[in-house]
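Coordinate-derived values only; no laboratory data. Predicted model only: the values in this text are computed from it and were never measured.
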Amino acid sequence: MSTSPTTEPCLPGPPRHSYRFTAPNTGTTVKVTRDLVGALLVTNGHGELTDTVRLLVSEVVTNVLQHTGAALLTVDATITPDAVTVRVTDREPGRRPVPPRSFPGDAAEGGRGLMLVDCLADRWGVSVNEGFDPVSKSVWFALNGKG
């Protein structure tokens with residue numbers, strides 16, 4: 001796994017800290033990503049969002065693990081005084097997630113992840129990257145902080 005923090009003080013508006021890391025698409029990456037993003041939030045003054053963001057990161061990274069054959073995934077976390085945005089990118093743009101229209105029944109083994117993202121995030125979406133011949137997709141979500 002590689003990480004690269006950046007601070008962008010020259011941009012207008014509040015200070016913005018962006019962190020990026022790439023990890024293998026394995027079962028352990030779910031926990032590593034959840035813990036790393038949680039630590040970034042606490043360190044950057046958004047401890048109140050930690051539990052929710054950890055849950056949403058787990059769901060989005062698990063979707064990459066379960067529904068793609070991508071070897072790697074990239075996580076971008078952007079933190080400002082007012083908000084947190086997390087983007088999980090994989091190199092399988094054709095496998096776009098679609099949230100179910102209703103919450104799955106008690107016996108269902110899956111289908112809750114994007115419903116949780118939809119219910120708990122202030123904003124979320126799916127982006128396909130690289131123009132006419134897409135090479136990747138990102139599932140992202142944002143939460144407003146105490147600001």
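Here are the numbers:
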{"item": "Contour excess over end-to-end distance, with Cα ends at Asp82 and Asn144 and 0.36 nm allotted per residue", "result": "21.7 nm"}
{"item": "Linear extension gain, Leu120 paired with Val135, 0.36 nm per residue minus alpha-carbon span", "result": "2.5 nm"}
